[in-house]
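The values are calculated or read from the model by the stated rules, or taken from the named source; none is laboratory data. Everything numeric in this text was worked out from a predicted model, so none of it was measured. In this analysis, Cβ positions are derived from the backbone assuming ideal geometry, glycine residues included, and neighbour counts consider all displayed protein chains. Side chains included, ligands, DNA and RNA excluded: accessible areas come from the protein's heavy atoms. Shrake-Rupley method; radii C 1.70, N 1.55, O 1.52, S 1.80 Å.
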Amino acid sequence: MVVKVDNTESIPATDEVISEEMDMKKKKYLRGEGANLKDLKDKKLQGQLVVQEELFGKSAAAAAKAEKWLMPSEGGYLEGDGIEKTWRIKQDAIASEVDILSSRKQFDIVLPDFGPYTLEFTPSGRYMAAAGRKGHIAIVDMKNMSAIKELQVRETVRDVVFLHNELFFAAAQKKYPYIYNREGTELHCMKEHGAVLKLQFLRNHFLLASINKFGQLHYQDVTTGQMVANVRTGLGRTDVMQVNPFNGVVAVGHSGGTVSMWKPTSAAPLVKMLCHPGPVTALAFHPNGHLMATAGMERKIKIWDLRKFEVLQTLTGHCKSLDFSQKGLLATATGSFVQVYGDLSGSQNYSRYMTHSVAKGYQVKKVTFRPYEDVLGIGHSMGWSSILIPGSGEPNFDSWVANPFETSKQRREKEIRSLLDKLPPETIMLDPTKIGSVRPERKKEKPSKEDREAEMEAAIEEAKNIHMKKKTKGRSKPSRIAKKKQEAVEKAKKPFLEQHTNKRKPTEETQLPKSLERFVRKKAAA
């Protein structure tokens, strides 16, 4: 007996699955529910809104299709089975389960003679700069795991930061900050900054921001070399500084527990908020710019909503370094212990996600996430380490924004494009959406009767006291001078009198010339 199997029904089943998946993605890009057009009486408006809704649907479908083909990778997180806790999972267990390429991203570099180290990644995550406190600076290609350049500056290095690309970096040394190229050649010594404790680079504005040991905040344009601003904070020495990626505002944490936010065109802080009762030890911004995490000496970590300047959550624990990942994970470090908090539910309620202890005795100085990779870099007193944090990096990169595989030609083109798109310092503000909006005209208050009379009297006195030049014989007669003064008084009175004279409005009874009467509309006969 032969049994015929009909496979015609299997194809529509797969099509249904694909269509359901596309509908879910399309719903993500739609602008809410469509408007109810049946109740509209205006046929023209109804037709226009129907066309608009169709365009919204087509754009959402195109975005969903682009996401399916151009963003194939999906981010994932650690999930515990049953009562298993994700923060109990160790790095050895993760390394045994991931692929070979991912396991290579987990390593320890031991350099006990030059620590503690601070780390900095490029926006693409391809290159890393590591600076030891005792003068050792290294530029590392994280793709090939090879050192591009190592140099010893033979003096204290407090911080390091990349400029617009990996070819240039700035190091805050003992007396002044210096700018180097990738080959280790010193390009510039910025003596105006003084002894800098912390450096930050504003990529959209090409501004290098620094704060020195006297609490002075400097902004320098790296394209022209011009010092844009030199601001005295007046709140003492600090090495806690971070740039908000959303609006370019620089936030500085102080020993009094306050966090002040600055822009280069203002001598006073835009915001000055009391975050902790004791000194602020660390500061970090969420990639969307609306969340800020601060840590204080009272062993509290607070997460703030910058749109309302309110505390969303308070976590317990001491912290020396903070950093947000691209997907919103928060890494904290104190002593030799690193802890990662995650907002897995999307309700802005952070809970413990992963923990890691570096070797006993290693004191962590800085933690920073590597962009577009599930990797956390840890700079400590004995070198630096790299651990795997699943779900921390953005799985899909945009080559127009940050390309880890860019060639030298693409890098040059990107540099030129970014220089053409460079924003002026005046565009830095708390709410950048206000740029381009028109300020509403303020209505002037009407002056009172007494004010108007006083202004008129003052104008008359000024007109009377006008000094008349002595002219030739016959032209400086007293009568002529008196007449000119009278004309000046009347001219001064005229604007005040015109303001209060009611202009006669034309009425129906106004008699027109006979030549214009035929243009007047005649009333319809009752």
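Put simply, when 41-49, 338-346 are sorted by average Cβ atoms within 10 angstrom per residue, most first, you get 338-346, 41-49. If R0 is taken as 22 Å, the Cβ-Cβ distance between residue 155 and residue 232 corresponds to a FRET efficiency of 0.25. A 1.4 Å probe, protein heavy atoms only, puts the accessible area of residue 22 near 40 Å². Globularity index of the range 86-235 is 1.18 (Cα radius of gyration / 2.2 N^0.38 Å, N = number of residues). Classify the range 349-406 as rounded, prolate or oblate from the Cα gyration tensor: take a ≥ b ≥ c as the square roots of its eigenvalues, call it rounded if a/c is under 1.5, otherwise prolate when a/b beats b/c and oblate if not. Oblate, because a/c is 1.5 or more while a/b does not exceed b/c. Distance from the C-alpha centroid of the range 56-77 to that of the range 280-298: 32 Å, rounded to the whole angstrom. Between the range 314-334 and the range 392-464, the C-alpha centres lie 33 angstrom from each other. Across the chain, Cα pairs under 8 Å and at least six residues apart give a relative contact order of 10 percent. Rolling a 1.4 Å probe over the protein heavy atoms gives the chain an accessible area of 63 Å² per residue. A simple spin-label model places the labels of residue 274 and residue 141 5.4 nm from each other, with each point 7 Å out along Cα-to-Cβ. For the pair residue 239 and residue 45 in one chain, pulling the backbone fully straight at 0.36 nm per residue adds 64.0 nm over the alpha carbon distance.
Summing Lys and Arg as +1 and Asp and Glu as -1 over all other residues whose Cβ lies under 15 Å from the Cβ of residue 234 gives a net charge of +4. For residue 56, the solvent-accessible surface with a 1.4 Å probe is about 60 Å², rounded to the nearest 10.
Directionally averaged projected area (the range 245-360, Cα convex hull): 7.6 nm². Solvent-accessible area of the range 227-320 (1.4 angstrom probe, protein heavy atoms only): carbon and sulfur portion equals 50 percent.
Around the amide H of residue 156, modelled in the peptide plane, lie the amide H atoms of 174, all under 5 Å away and 5 or more residues distant in sequence or on another chain.
If each residue of separation counts as 0.36 nm, what is the full-extension length gain between residue 483 and residue 110 once their alpha-carbon separation is subtracted?
124.5 nm
How would you classify the range 291-413 from its alpha-carbon gyration tensor, with a ≥ b ≥ c the square roots of the eigenvalues: rounded for a/c under 1.5, else prolate if a/b is greater than b/c, otherwise oblate? The shape class here is oblate. Helices meeting the span-like rule in the chain (full DSSP H runs, Cα extent of at least 24 Å along the helix axis, mean Kyte-Doolittle score of 1.6 or higher) are absent.
Under the criterion of Cα pairs below 8 Å and six or more residues apart, the relative contact order for the range 151-306 equals 12 percent. Quick one: grab the alpha carbon gyration tensor of the range 238-287, order the square roots of its eigenvalues as a ≥ b ≥ c, and give me rounded if a/c is under 1.5, else prolate or oblate depending on whether a/b is larger than b/c. Taking the square roots of the gyration eigenvalues as a ≥ b ≥ c, the range 238-287 is oblate. Solvent-accessible surface (1.4 Å probe) assigned to residue 362 amounts to roughly 50 Å². Applying a threshold of 24 Å to the alpha-carbon distances of 143/366; 213/365; 134/263; 105/360; 302/365 flags 134/263 as lying beyond it. Amide H to amide H, with H built 1.01 Å from N, residue 321 comes under 5 Å of 333, counting only residues 5 or more places away or on other chains. For Rg and Dmax of the Cα atoms in Å, the value calculated from this model appears in (i) 27.5, 91; (ii) 34.6, 140; (iii) 24.8, 92 under label (ii).
Averaged over all directions, how much area does the convex hull of the C-alpha atoms of the range 134-183 cover when projected, in nm²? Approximately 3.4 nm², given one-decimal rounding.
Within the range 382-455, the chymotrypsin sites (Phe, Trp or Tyr not before Pro) that combine a DSSP coil assignment with at most 16 other C-beta atoms in a 10 angstrom radius are 400, 405.
Computed from the C-beta positions of residue 351 and residue 433, the FRET efficiency with R₀ = 35 Å rounds to 0.65.
Keeping all protein chains in place and using 1.4 angstrom, which order do 520, 364 fall into by accessible surface area, from largest down?
On the way: 520 75, 364 15 Å².
My answer, sorted largest first, is 520, 364.
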